[in-house]
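Undergrad: Next up is a structure, given as structure tokens.
The values are calculated or read from the model by the stated rules, or taken from the named source; none is laboratory data. Being a predicted model, the structure only gives us computed values, none of them experimental. Note that each Cβ is placed from the backbone with ideal geometry, even for glycine, and that neighbours are counted across all protein chains shown. Side chains are part of the model used for accessible areas, which takes the heavy atoms of the whole protein and leaves out ligands, DNA and RNA. Shrake-Rupley method; radii C 1.70, N 1.55, O 1.52, S 1.80 Å.
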Amino acid sequence: MPDEKLFIGSHAPYWHNGSSISAKSYDTMLAALPAVVLGISQYGAPALGVLALSVSCAMIWELIMNVAMKRPASIGDGNAAVIGLLFAMLMPATAPWWAVVVGTFVAVVIGKQIFGGIGCNPLNPALVAIAILMLSWESMMDFNDALVNYDFGFNMIYPLAAIKSFGASAVSDYNTVGLLMGQQPGGIGTTFGLGLIIGGLYLILRGHIRWEISLSFLASVFVTALLFNLSDPDKYANPVFHLLTGYTLIGAFFLATEDSSSPVNFFPMLLYGAFAGILTVLIRNIGAFVDGVVFAILMMNVANPLLDKIRPKAMGKGIKHA
Amino acid sequence: MIKRPFFSLGKPKLKYPVDDTQEQDVIRVIPLPDRVTFFLEDPYERNEGFLIKPGDKIKTGQKLKLTEDDKDYVISSVTGTIADISQYRGYLGKTYAAISIDTGDEEQWDDKFKEGCQKPTLENSLEFLGCLPGDTGFIPILDTHPPLNTIIINGLDKDILVSTNQLIVQTETDSLKTGIEYLREITGAGEIMIAVSPELASQAGEIDVDVKVIEPSYPNTLPEIIMKSILGKTPPADETWEQIGVGLINAEAVVAISNAFTKGQIPVSKLLTVINKDNTTVHVRARVGTHVKEILAALDIETYHGDQLVLGGPMTGHALYSEDLPILADTDAIMVHDKDNVVLPSDCHCINCGECVRACPARIPVNMLIRVLENDLYEEAAKEYDLLSCIECGLCSYVCPARIPIFHYIMLGKYELARIETVEESNA
Amino acid sequence: MREMIRLLVVIAVFSAVSGGLLAVVQKGTKDRIEYQQLKFVKGPTIHHILEGSSNDPLVDRFKLPDGKEERNFFVGVFDGKADVVAFEVFGKGFGGDIGVMVAVNVENDEIVGIGVTTHSETPGVGSRAKTDPSLSEQFKGLPIKEPFKVKADGGQIDAISGATVTSRGVCGAVVGSGEIYMRLKKDIIEKLKAFKA
Amino acid sequence: MAKTVVQEFTKGLWAEIPPFRIVLGLCPTLAVTKSVENGIGMGIALTFVLVCSNVVISLLRNIIPKQVRIACFIVVIATFVTVVELVMQAYTYPLFLKLGIFIPLIVVNCILLGRAEAFAAKNGVISSFADGLGIGIGFTLSLTALSIIREVLGSGTFYNIPVFGPSFKPFSFMIQAPGAFVCLGLMLCVMNMLGKK
Amino acid sequence: MSDYTLLAVSCIFVNNILLMQYLGNCPFLGVSKRMETAIGMGMAVVFVLVLAGAITWITENLVLKPFGFEYLRTLAFILVIAALVQFVEMFLKKSIPALYAGLGIFLPLITTNCAVMGVCLINIKEEYTFVQTLVSSFTYAIGFGLALVLFAGVRERILLARVPKPLQDTSIGLVGAGMMSLAFFAFKGMA
């Protein structure tokens, strides 16, 4: 059948809903924008510097790894930029340039690319980088030390450090609305609670993140903190305080929900969020670290493949098709 | 193409776009084609020793068989001369004998059926109605022991934008009625039901059977889901629907049964929905075996190099590489897809976003399945990740942000698995 | 069965030979190991409290039986006179035993210095007993017979803030050392004579 | 003969260098490479045991009954491990303390039993000696290389001597447990890349 | 009781034998490629380690210490453990074949598993009482099994991922183990 005109013979389906990884990445960045903008307005040029360096470094590392591994360039999907952005959001504004370079290297190369790139990373890359930095340069990652030269007219003691050293009485130095509006020291993009919630809701409504994880994480932080608070109100802070301080909100909406390292089935998602929440409060209240979100989520990332084995039975398992 | 809505929480909702029904009712009849082609499954890849050979005169309605022992046959839809019998390798590497017939001037009907089969009986049906327009799945329904308890008539269409069966329910209610009577006589089935969309529920109510209303949004209209939502069960492992006593038949085939026994002629025309590039649809009636080119020419649809030509709907159809391929007895639709809208698959790794898992009506862990399939672990895919539960709806590929051709991998997996099994059986 | 016995015999011979060999090596290295252990575990404390001594207290050591136990005494030579001995005693701390090295001048029964050797106290709180000299400095020059107590218990020693239990343990250990010292004083003086030359 | 002995020796340095080419003995590799000193110490200790046990097993290979060979190998290895343990306690006590239980754990190191089973039990004394020495030195080299990376980056020192200025903030992740795993994994990757050529 | 709880938390999580104490890494990387083998090995280790912990404690405190034979500890322990594994294998084969079918292939590997020997030595070094020894042996083994099973899950995914060629297999396995060890820092300071 000689015919000049040939048709594309791809496989069904022939339609696609138009979603793409890059759209997802850019939406995530858009959702992070309110928190980031507040961070920049508070901390000024240094914060902007950290953000810009982090995003660009992350993309450069990605490109270098693409070349080294002889794979097509993948910076277009925006995933590296998201990792860079999230990493910067978690950092204090005073972070030195070399820490950002090393951190993005760890995130993109060690955390993601050597496992095979997007979708292959067993742990959240940005959190891997933050955790490693926390272990290596403790004082740099300590917000009280790092932000010692800033004074914005509100209590400049990192809230979680305050309750760790002074117990629940320190809670009264902060007001809830203030915490929600970003009146607390912390990472560049982690303090503006309201912005993070808006961003998170946007992502949930757009279907880019799985609401089950965020919800169960927040709920379990609340419940666990409440139990601690009831057991000893002088020692352990109230649950709302735990929800609005530290990395809790960014963790719930941007970190725990990272695709590759979180479960996709319904019950595992709830369990994952719940355990991460419990662990977060445990670390904060009795563990060694000031903020537990980073390691709690990493720990659950590790448990993710096992959790995700809990899944509904497939329909008519074993139907033979003619 | 239905885009993802701006806010999308949960499963994709693929409502069937409702067209202007008035225009839909006009069925355009495609003129008798110059040449038709039929495919007969031929696993042996033989080339000679056939009962038929080029140059043979064929009448309309004549039964064509490759050898005396073969069970498979086709019914010629035209009168003419066999021009060519050649090999054709179709979907998933299946081999067929392609029989091309040049249409003669005058139509003559083969009267074997008329003579031999006045009565609708099981034997007659097995002998002549194996490839009715509308459904090739008729034989399994007939050929069961004991006879089926339940037969469901599918008044819905499998795929989005396709409305062939719906049109049949709408316009040929009477034939449907008689068809059901015949069907009851032939199969002795205890219960016959019809599944229709809500718009046609009242019309179907005139038929003297149980009417089941199915929300016509994809994938509710896939045969497996229809059966499941009507009967509330799925067959246990390693059994087919027929084995648990249930059969499904398209409404068009039921009408064809009715026409066959009332007119004494096996129907040879097929009703089709043609989906144009702008997603407008036209209904046409064409002889089975007509080449797609002639149908498109009759409708003034222009195609260009690089477009996509699909037999079937956008979710489950099969792409053709050439216009010179025929429509088959079970082709419900032809879709012409503009080259600008063609979805190009990517080589991205699964990003584990979970869209596919949420979309999957069969609750398959697609995120893991695609990983094992990419690594060619077909047996593990079947054993641990429910490869064989897939009902082939294509939603996973449809929603995948990484644009992985998941459905393609799944079909490849099933194919490879079947191949491994045959190899093992022949070795055993 | 015979085969089984043969195998067992082979293993037994192997084990015996190896045991014998090891016994020889152990015997050859025993003293050296003891010295090394003392040097690296107690050494720093001993050197610290016997600062300025002209000898190596780890080499100049002797053993005395005390009831069922055997105690190590380390000799410090000051100004050519071997009149200081240091020995280890244990007190009850917060997390277990606290080892305290006490050095005593046999001439006037005064404490030359004390130092904490081993402990399992809370890091940053009780552990300061070892690193913070403020507690051990208080004992310097006091007569060993005194019943030391922390001020909270009506005694004369300032406890380390927040680590009363630990401080109490140290005091208890020093009091205990006084008892041991008085008990063995005669023998100690006898032994010290050997180092005078 | 001479040539093969050399070959037996050199294969341990590159072609079969543990733990990169034959992935055995990971635990000490990970645990003791925090500093170059520890790495070299561990390497030497293991080399000694490996050479001695290889020689002895090779000598006795015709006496040892097949059924209990593993037990006999273990006894031989354990003997030399204990010798090393005692000697290290006597002469390099601080190192012994740092290496901790990893010295006695040489006895369960898969490399030793592996070489005994795969090589010494089948070959002559000289080749076994060469094999043991080669593998041992190879292991020492690997540990040294790994520990150089970890110590230089993780503590900013080389053999306890600072190599960067005081402004250097050590990347202490490298000397912690996760760093050990990641570092060894990446080194293995580098070795694989080199080996491909 | 809370002492034992703390000891258990410490042994399972805080001082996890595989990830924090670097013991037992050869089987860790060896059997973690498949979930079933990981579970089998984990159970075998729990089984043997409790017995080994008890028997080495008895050896140390009733034989070696009273006679001043502490220097023979290494030799004695390894022989005792090897013999124990042999007996367990024989016993299981005869008495509980079902269990033997599950654990059998892992038992010979355990003799050279430094986690077993290591835990026994730690028990002696920490001067645990007999009950503490049992608790610590059991919980260390549980920690081993937990880490092994979690890691097997991670590893199954890594095996399916597009890891660059030079990093495949053990290399990426080690990096993955490093990541897991990092995650286990979550429990730091809890006991």
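Undergrad: Tally time: how many residues in the range B:303-347 are within 12 Å of the chain's Cα centre (by Cα) and in a strand (DSSP E or B)?
TA: Matching residues across the range B:303-347 total 4.
Undergrad: In the range B:192-228, which residue that is of a type in the set (D, E) and closer than 23 Å to B:R363 by Cβ is least open to solvent (accessible area, probe 1.4 Å)?
TA: Checking each candidate, the answer is B:E224.
Undergrad: Here is a further query. Working carefully through the options B:I151, B:I85, find the one that is at pLDDT 85 or above and under 19 Å from B:N259 (Cβ atoms).
TA: The conditions single out B:I151.
Undergrad: Which ones in the range D:129-161 are in a helix (DSSP H, G or I), more than 18 Å from D:V81 (Cα to Cα) and small (G, A, S)?
TA: Listed by number, the residues that qualify are D:A130, D:G134, D:G138, D:S142, D:A145, D:S147, D:G154, D:S155.
Undergrad: Determine whether E:L19 is in contact with a Ser or Thr (Cβ under 9 Å, 6 or more places away or on another chain), part of a helix (DSSP H, G or I) and in contact (Cβ under 8 Å) with a residue 40 or more places away in the chain.
TA: Taking the combined requirement at face value, the residue does not satisfy it.
Undergrad: Could you list, in sequence order, the residues of the range B:372-406 that are of a type in the set (D, E), at the interface with chain A (Cβ under 10 Å from one of its Cβ atoms) and either touching a His at 6+ places or on another chain (Cβ under 9 Å) or in a loop (DSSP other than H, G, I, E, B) (or both)?
TA: Answer for the range B:372-406, where residues must be of a type in the set (D, E), at the interface with chain A (Cβ under 10 Å from one of its Cβ atoms) and either touching a His at 6+ places or on another chain (Cβ under 9 Å) or in a loop (DSSP other than H, G, I, E, B) (or both): B:D386, B:E392.
Undergrad: Just name the residue that is nearest to the other protein chains (Cβ to nearest Cβ) out of those in the range A:205-216 that are of a type in the set (A, V, I, L, M, F, W, C) and open to solvent by 20 Å² or more (accessible area, probe 1.4 Å).
TA: Restricting to residues being of a type in the set (A, V, I, L, M, F, W, C) and open to solvent by 20 Å² or more (accessible area, probe 1.4 Å), the top hit is A:L205.
Undergrad: Yes or no: E:V149 at the interface with chain A (Cβ under 7 Å from one of its Cβ atoms), surrounded by fewer than 24 Cβ atoms within 10 Å (Cβ to Cβ) and under 18 Å from the mean Cα position of the chain (by Cα)?
TA: yes
Undergrad: Please state which one of B:K228, B:K233 is in contact with a Ser or Thr (Cβ under 6 Å, 6 or more places away or on another chain) and either in a loop (DSSP other than H, G, I, E, B) or within 14 Å of chain A (Cβ to nearest Cβ) (or both).
TA: Residue meeting the stated conditions: B:K228.
Undergrad: Checking B:G130 against (1) over 30 Å from B:S202 (Cβ atoms); (2) touching a helix residue (DSSP H, G or I) at 6+ places or on another chain (Cβ under 6 Å); (3) in a helix (DSSP H, G or I): exactly one of these is not met. Which one?
TA: Result: B:G130 passes all but (3).
Undergrad: Let me ask you something else. Scan the range B:398-428 for residues that are within 25 Å of the chain's Cα centre (by Cα) and of a type in the set (K, R) and jot them down.
TA: B:K414, B:R419
Undergrad: Being surrounded by fewer than 18 Cβ atoms within 10 Å (Cβ to Cβ) and either within 14 Å of chain E (Cβ to nearest Cβ) or in a helix (DSSP H, G or I) (or both): is that true of D:K122 here?
TA: So D:K122 fails the test.
Undergrad: Just name the residue that is surrounded by the most Cβ atoms within 10 Å (Cβ to Cβ) out of those in the range C:46-99 that are of a type in the set (V, I, T) and over 13 Å from the mean Cα position of the chain (by Cα).
TA: Only one residue fits best here, namely C:V84.
Undergrad: Based on what the data block shows, is E:F185 of a type in the set (A, V, I, L, M, F, W, C), on the phi < 0 side of the Ramachandran plot and either more than 11 Å from chain A (Cβ to nearest Cβ) or within 14 Å of the chain's Cα centre (by Cα) (or both)?
TA: So E:F185 does not fit the description; no.
Undergrad: Examine the range E:159-175 for a residue that is more than 8 Å from chain A (Cβ to nearest Cβ), buried (at least 24 other Cβ atoms within 10 Å of the Cβ), aliphatic (A, V, I, L, M) and within 18 Å of the chain's Cα centre (by Cα), and state whether such a residue exists.
TA: yes
Undergrad: It is to be established whether one or more residues within the range A:85-99 are assigned to a helix (DSSP H, G or I) and under 23 Å from E:S171 (Cβ atoms).
TA: no
Undergrad: Do the conditions hold for A:F228, that is, is it open to solvent by 10 Å² or more (accessible area, probe 1.4 Å), within 14 Å of chain E (Cβ to nearest Cβ) and not charged (D, E, K, R)?
TA: yes
Undergrad: Criterion first (assigned to a helix (DSSP H, G or I) and within 15 Å of the chain's Cα centre (by Cα)) does D:L184 satisfy it?
TA: yes
Undergrad: Could you go through the range D:166-182 and let me know if any residue there is of a type in the set (S, T, N, Q) and on the phi > 0 side of the Ramachandran plot.
TA: no
Undergrad: Return the residues of the range B:305-347 that are under 30 Å from A:S261 (Cβ atoms) and within 7 Å of another protein chain (Cβ to nearest Cβ); say none if nothing qualifies.
TA: Matches in the range B:305-347: B:V343, B:P345.
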